[in-house]
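The values are calculated or read from the model by the stated rules, or taken from the named source; none is laboratory data. Owing to the predicted nature of the structure, the values given are computational and were not obtained by experimental measurement. Methodologically, a virtual Cβ is constructed for each residue, glycine included, from the backbone with ideal geometry; neighbour enumeration extends over all protein chains shown. When the accessible area is computed, the model is the full protein with side chains, heavy atoms only, and any ligands, DNA or RNA have been set aside. Shrake-Rupley method; radii C 1.70, N 1.55, O 1.52, S 1.80 Å.
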Amino acid sequence: QVCHGLRTPQLPIWLCSLSGRHGVLFGTDRRLLSDWKTERVFHLYFYNGQWEQTKTAHLTIDTHSHPWEEDPCEVPSSPGKRRPPLEMAIRTKWAGATVSWNGTEPFF
């Protein structure tokens, strides 16, 4: 039998399989699990243990961003507009969210 702590995590955590690699996406604010108002702007962290990742990636997620805030010179379908798989995975939960990598070079 699975204990209660494993069925209902105390912190938001997702196990991810992106491009054939596994990683952990997690937050440190437990309110993200129960209070929808905290989903405006919040922080998530990602770690995959691969050699190219030297430290845990600190991501800022903004779910109320606007399309006009993006670079107007790029067409959404252009190759330069492609997003890392981690950002696309985040957008499966928060559609249209912008993801800031806070100075970390996006990987995957």
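Solvent-accessible area of residue 40, all protein chains in place: 110 Å² (probe radius 1.4 Å, heavy atoms, ligands and nucleic acids excluded).
Shown here for the range 3-62: chymotrypsin sites (Phe, Trp or Tyr not before Pro) in loop regions (DSSP other than H, G, I, E, B) with at most 12 other Cβ atoms within 10 Å, namely 51. Amide H to amide H, with H built 1.01 Å from N, residue 29 comes under 5 Å of no residue 5 or more places away or on another chain. Going by accessible surface with a 1.4 Å probe and the largest first, 31, 83 read 31, 83.
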